[in-house]
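One structure is given below, encoded as structure tokens.
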Amino acid sequence: MEDARAYEELRVGFTAAVSHELRTPLARLLALLDSASLPGADRDDLLAQAREQVEEMSELIDDVLFLSELESGREVVALGSTPVLPVLEEVRNRLADSSERADVSIRVEASPDVELPLRRRMLQIVVENLAVNSIRYAGPGAALLLAARPGELEVSDDGRGVAEDELPRLFERFYRSDRARASRGTGLGLAIVKHVVASAGGQVEASGGRGRGLRVVCSFPAP
Ligand SMILES: Nc1ncnc2c1ncn2[C@@H]1O[C@H](COP(=O)(O)OP(=O)(O)OP(=O)(O)O)[C@@H](O)[C@H]1O
Ligand SMILES: [Mg+2]
């Protein structure tokens, strides 16, 4: 009974948060469309901005759907084992342009025989979410490390980091550090990472501090 009530509170809170997150881009979209209908408006520019808002909303909806699939157990997360090095390299290549623009260097460190107990797509989701965060938040000149050892995945950077007392909150849905609020994002990335890792029987831990970078380690039980 207690459980049911706690779950209900969580569900209502989640629905409210999703609606809130959708309201902002929707309001912006409406304002952009209003501006576009004014005489002399720079329609191309306004339409490009409107498109961005729509993309932001679809990303949010994809993330929410993915999270709820994880929770209902429909998305099978574990089942299998994936060599990590190729995934780390693939993510590094895919993010090469954006990391260059952000002036964040990426280093990959793993021996070819290390495998982790996740399906390939799930491992990709975890690594990419963590790497994109470093590129977005670490700041120019930072170094990002993607590393794997037996039973462990590490994604760390030496950038801006977050205050130590924020560390435990990072994995909450929709939690974003105040400093991140100006940038695009919904605060679901790390919640998804935690879910995926937990569904494979693993644990996630974040360490670091303001100005001391952020280090995220996912550890998995021995097979
Ligand atoms: N490498 C990092 N350095 C500094 N702060 C970080 C880093 N990674 C995450 N954060 C902080 O943690 C918050 C939560 O991250 P999370 O990935 O869950 O959400 P997001 O990146 O804001 O949005 P989303 O991932 O859903 O697009 C970020 O908003 C940011 O404040
Ligand atoms: Mg993120």
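Annotations
- The ranking of Leu130, Leu67 by Cβ neighbour count inside 10 Å, starting from the fewest, reads Leu67, Leu130.
- For the stretch 205-221, 3J(HN,Hα) computed residue by residue from phi via the Karplus equation (6.51, -1.76, 1.60; θ = phi - 60°) reads 9, 10, 9, x, x, 4, x, 10, x, 10, 10, 10, 10, 9, 10, 10, x Hz, glycine and proline entered as x.
- Under the span-like rule (Cα at least 24 Å along the axis, Kyte-Doolittle mean at least -0.5), DSSP H helices of the chain: 2-36, 43-71, 120-137
- Net charge, Arg92 excluded, C-beta distance under 12 Å - Lys, Arg +1, Asp, Glu -1: -4
- Looking at the stretch 101-202, the pairs of alpha carbons with a distance over 16 Å make up 60% of the total.
- Each Cα pair of the chain feeds into the Kirkwood radius, which the Stokes-Einstein equation turns, at 20 °C and 1.002 mPa s, into a diffusion coefficient of 113 µm²/s.
- Listed residues Ala17, Ser68, Gly40: farthest to the positive end of the dipole of the stretch 2-71 (Cβ charges): Gly40
All of the numbers you see were taken from the coordinates with simple rules; none came from a lab. Keep in mind it's a predicted model, so treat the numbers as computed, not measured. Here Cβ is always computed from backbone atoms with ideal geometry, including for glycine, and neighbour counts include all displayed protein chains.
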